[in-house]
Amino acid sequence: MAASTRLQTSGSGQKFATVTDHTDAMQLPPGLSPAHRDLLEAVAHRNAADYGQKLLGLVLSGSAGREMATERSDLDVFVVLTDTGGRGPETSRSATLDETILAISDLERVAPFGTEGWWYRWSFAWAPTLLDRTEGRLASALNRQATVDADEAESILVEHDRLDGWLNFAYRALKNDRDGRTLERRLDAAESMPWLLDVIFTLEGRVRPYHKYLPWELRQHPLTHWQAEELLVLLTATLDGDPSAIRAAFACIEKACAAFDSLIQVPVLTPVIESWGDELQLLRH
């Protein structure tokens, strides 16, 4: 049975789109332009007509989903179907809309770190759900995609060497600074940045955001161990190879690693740091 969709305005002025053959409603986030609201209404109409009860949800990602859209921004929409929906995952792209169709089971399949699917997991972080007919199953899947549990964290930081790799680049940058190699110091410090961000966000139980959204996430969804503005200043200084910034990052990460280890039976992160032995003097100087 095909369902139709129409937008309504509540008494508070909040916009909704109601699927009239069912009792659920599509809620639009604030800050959308009239053109984006109209396009989302059309997307809802079309998918309700195409899939009927097989349509489980609509999720808005990208800039529009995080109130960062400009006049040049397109919409990134995930259309979530039942496992018998018959399509997906597949993406169609245009100048105004990137629309990805996927089954709920695909969304619940969590790609490990280092695999192709890992890169897409942050797409679901803080992404507003426009329509959800799953009684929480969709919200749970979105949250799982964007978060890192303790086992995953250990795998990322230890098995995939993100902690030791960051220590290596940080140490090399400080050695180059000590020996008067300014360019080499800056290159090693810059190369350390992806490793550093992986360590920071993994220790917070989160998937690292895309660079475009890093300041937004730090300000809108604060971390436990870092103040947003302080971290942004530190990252900027690290890109220039500032030794004090590298050492400040090490001090905070060492504390965060100790906090992580305190919650598990056998420490796994502190031993990685301590394995550097006397070389740690340069990081702690």
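For chymotrypsin sites (Phe, Trp or Tyr not before Pro), the sites in segment 187-281 that DSSP calls loop and that have at most 15 other Cβ atoms within 10 Å are Tyr210, Trp276. Here the chain carries DSSP beta bridges of which approximately 75% are antiparallel, counting only pairs with both residues inside. Toward the positive end of the charge dipole of the chain, with +1 on the Cβ of Lys and Arg and -1 on the Cβ of Asp and Glu, the farthest Cα among Leu107, Trp119, Gln27 is that of Gln27. Dividing the summed -39500 (n - 2.57) terms of all DSSP H runs of n ≥ 4 by the residue count of the chain sets its mean residue ellipticity at 222 nm at -13000 deg cm²/dmol.
Under the simplified labelling scheme, the Arg37-Gln220 pair shows an inter-label distance of 1.9 nm, with each label point 7 Å from Cα along Cα→Cβ.
Fully extending the segment from Thr115 to Arg284 would add 57.4 nm, taking 0.36 nm per residue of separation and subtracting the current Cα-Cα distance. Given the alternatives [x] 0.97; [y] 1.19; [z] 1.05, Cα Rg over 2.2 N^0.38 Å as computed for this entry is given by [y]. Residue ranges 232-243, 176-187 sort as 232-243, 176-187 when ordered by packing (mean number of other C-beta atoms within 10 Å per residue, highest first). Our estimate of slack between Thr236 and Ala49, defined as 0.36 nm per intervening residue step minus the Cα-Cα distance, is 62.4 nm.
Bear in mind that the values in this text are calculations on the coordinates, not laboratory data. Given the structure is predicted, the values throughout are model-derived calculations rather than measurements. Cβ coordinates were reconstructed from backbone atoms using ideal geometry, including for glycine residues, and neighbour counts include every protein chain displayed.
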